[in-house]
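A short worksheet on the structure shown next.
The values are calculated or read from the model by the stated rules, or taken from the named source; none is laboratory data. Everything quoted here is computed from the prediction, not taken from an experiment. Every residue, glycine as well, gets a Cβ built from its backbone with ideal geometry; the counts of neighbours run over all protein chains shown.
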Amino acid sequence: MRTLARGPAMVRWLGLMAAGLVPWILGACTAFDDFTVLGYKTAPQFDRSIRTVRVPIAENKTFLRGLEFELTEALVKQIERRTPWKVVQDEADAELRVTILGMPKRVILPNPLNEVRQAELTMSVEVAWYDLRTDPQLPPRRGPQVPPPPPPPLTNASDPLAPLPPPGPPPFAPILVQRTVTFIPELGESYATARQKLVNDMAEQIVSLLEIPW
């Protein structure tokens, strides 16, 4: 039975293997800690031409106090952790606007004493994404189109039957996002913990919407 040579021969053999692997590893490395191996990339699927993002305090249309601050803080943390962007307050390349529409509580299962045994919270928000590098009024890149409002009637004294000008391009509606969590008070879960989990889940979902489509 043959065994691998020891001593200088083994060192030379290991050196040759390392020399052959180094170019392959360097070629796989694209930027920072991103690798491309067999067509799969570890790079985040976000627009790298965007460097800074502004995240205003979310608009809160509910009666729940402080919810807008909780969601905004969670969004900033998600952007800083998952994306190559930096959140700033002044001049930015893009802006993320969020409007909280509602977060109702629904009892799923009461106990015999009519107390909450299982309940759920559902948060609904509208998300708008703006590219500020070209036009501050640029519509969000995602979201379904909605029909534009009808143009006002035009008066033309010389030719009342003249055709109206064609309407402009339709605006883009914000994206409607909904997330739901359930909690069981009998297991020690409370409304406060469910609310915090729902806020974190919603922030994660919103940031995922900003990824570049495959």
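Among the residues of the stretch 62-97, the ones that are in contact with a helix residue (DSSP H, G or I) (Cβ under 8 Å, 6 or more places away or on another chain) and among the aromatic types (Phe, Trp, Tyr) come to 1 in all.
Annotation note: Cβ proximity below 7 Å between a residue of the stretch 93-108 that is within 11 Å of MET123 (Cβ to Cβ) and a residue that is surrounded by fewer than 21 Cβ atoms within 10 Å (Cβ to Cβ) and among the β-branched types (Val, Ile, Thr) (sequence gap 6+ or interchain) occurs for ILE100/THR62; GLY102/THR62; MET103/THR62; MET103/THR122; PRO104/THR122. When PRO8 is tested against the conditions (1) modelled with pLDDT of 65 or more; (2) under 30 Å from GLN196 (Cα atoms), the lone failure is (2). Yes or no: ILE108 of a type in the set (A, V, I, L, M), loosely packed, with under 13 Cβ neighbours inside 10 Å and touching a Ser or Thr at 6+ places or on another chain (Cβ under 8 Å)? So ILE108 passes the test.
For every residue, the table says whether it meets (1) surrounded by 12 or more Cβ atoms within 10 Å (Cβ to Cβ); (2) at pLDDT 85 or above; (3) charged (D, E, K, R); (4) part of a helix (DSSP H, G or I).
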residue	(1), (2), (3), (4)
GLY15	no, no, no, yes
LEU26	no, no, no, yes
PRO44	yes, no, no, no
THR72	yes, yes, no, yes
LEU75	yes, yes, no, yes
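Of the residues contained in the stretch 117-127, none is found to be at pLDDT 90 or above, loosely packed, with under 11 Cβ neighbours inside 10 Å and not charged (D, E, K, R). Close Cβ contacts (under 9 Å, 6 or more residues apart or on different chains) running from residues in the stretch 182-203 that are closer than 21 Å to PRO56 by Cα to residues that are among the hydroxyl-bearing types (Ser, Thr, Tyr) and assigned to a helix (DSSP H, G or I) comprise ALA203/THR72. Please enumerate the residues belonging to the stretch 177-192 that are under 22 Å from the mean Cα position of the chain (by Cα) and either surrounded by fewer than 17 Cβ atoms within 10 Å (Cβ to Cβ) or farther than 26 Å from GLN45 by Cβ (or both). Those that are under 22 Å from the mean Cα position of the chain (by Cα) and either surrounded by fewer than 17 Cβ atoms within 10 Å (Cβ to Cβ) or farther than 26 Å from GLN45 by Cβ (or both): GLN178, THR180.
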